[in-house]
Amino acid sequence: MHNDHDIIARIKYIMSELGYKQNTLAKKLGVDNSNLSKYLNGHLSISDALLNRLVVNLGVSKEWLLTGGDVPYAKQAAAGPPTIVAPQGIEYSLEGTPVYDIDVTAGNAPRAQLFADEHIVGSINLPDLAGTGSRIVRVSGDSMTPVIRNGDMIAVRELSSTRYIVWGQIYVILLDDYRLVKYIRKNPDAQLVTLHSENPNYDDIDVRRDDIRDLMYVQSIIHIDNRN
């Protein structure tokens, strides 16, 4: 018999790592927000249906949810980040998710310098990202085209650990010498991960997990509409 208290703690850990508020998780799982609140507060017993939704919609390992064994994301995640289309002359607001005038794939500056306050040029109000600690940055290059195009913006959230990875999702990967925006796929060698591009002209890259200095989870993609 599983321990609801431990499962709730693991669900909240997933929410924290992905930057999901309760209503965001409810939408991802296709459950009523008030019922999810009852689960998370221990007023409803954790059901197999809820566990299965976590497995199917977020790619979470059921064994990890139940026992803490295995790793959280043993399965391929089902859905990628949502895409928003914005006009070329996007207007910034005073409130919302901060926008940094930086290309997240250029250079090798450490994370602290990357997100210095001096780089903030404004904010974009995206309700699903409110309160998640996300930041919006630019991306260059065509390796992730057409999912992420040259000049698009992405909302990213820094992860507290590089240990747990949602297989098949898009990340900003910080290595010693450069930064990449790629899908991360499971490698047969547990010491490695495979970085995969959307553009078929780019080969997969295998990197050692220990060489990953930081990870940022891509929560949303903002396509910039360049049409006149």
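The values are calculated or read from the model by the stated rules, or taken from the named source; none is laboratory data. Everything numeric here is computed off the predicted structure, so don't read it as measured data. Every residue, glycine as well, gets a Cβ built from its backbone with ideal geometry; the counts of neighbours run over all protein chains shown.
Table for the structure above
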{"quantity": "In the stretch 179-204, residue farthest from the chain's Cα centre (by Cα) [restricted to those that are modelled with pLDDT under 90 and within 21 Å of residue 221 (Cβ to Cβ)]", "calculated": "179"}
{"quantity": "Residue match in the stretch 157-167 (condition: buried (at least 18 other Cβ atoms within 10 Å of the Cβ), farther than 25 Å from residue 20 by Cα and not assigned by TED's automatic domain parsing to the domain that holds residue 14)", "calculated": "no"}
{"quantity": "Of all residues in the stretch 35-48 being modelled with pLDDT of 90 or more and part of a helix (DSSP H, G or I), the one that is farthest from residue 168 (Cα to Cα)", "calculated": "38"}
{"quantity": "Residues satisfying the stated conditions in the stretch 187-228, i.e. over 16 Å from residue 139 (Cα atoms), touching a residue at least 40 places away in the same chain (Cβ under 8 Å) and crowded, with 16+ Cβ neighbours inside 10 Å", "calculated": "202, 212, 214"}
{"quantity": "Count of the stretch 206-218 residues which are farther than 17 Å from residue 186 by Cβ, β-branched (Val, Ile, Thr) and not in a strand (DSSP E or B)", "calculated": "0"}
{"quantity": "The stretch 132-152 residues that are in contact (Cβ under 8 Å) with a residue 60 or more places away in the chain and more than 20 Å from residue 205 (Cα to Cα), paired with ones that are aromatic (Phe, Trp, Tyr) and in a loop (DSSP other than H, G, I, E, B) (beta carbon under 8 Å, 6 or more apart)", "calculated": "132/20"}
{"quantity": "Unmet requirement for residue 203, which otherwise passes all of (1) part of a loop (DSSP other than H, G, I, E, B); (2) under 28 Å from residue 133 (Cβ atoms)", "calculated": "(2)"}
{"quantity": "Unmet criterion (only one of (1) in a helix (DSSP H, G or I); (2) touching a Leu at 6+ places or on another chain (Cβ under 8 Å)) for residue 31", "calculated": "(1)"}
{"quantity": "Inter-residue pairs, beta-carbon under 6 Å, first farther than 14 Å from residue 105 by Cα and in the stretch 166-185, second polar (S, T, N, Q), 6+ apart", "calculated": "167/76; 168/76; 185/194"}
{"quantity": "Of all residues in the stretch 116-136 being farther than 12 Å from residue 95 by Cα and among the hydroxyl-bearing types (Ser, Thr, Tyr), the one that is surrounded by the fewest Cβ atoms within 10 Å (Cβ to Cβ)", "calculated": "132"}
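Residues are listed down the side, and each one gets a yes or a no for (1) over 21 Å from residue 103 (Cβ atoms); (2) hydrophobic (A, V, I, L, M, F, W, C); (3) assigned to a loop (DSSP other than H, G, I, E, B):
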position	(1), (2), (3)
157	no, no, no
161	yes, no, yes
176	no, no, yes
185	yes, no, no
188	yes, no, yes
199	no, no, yes
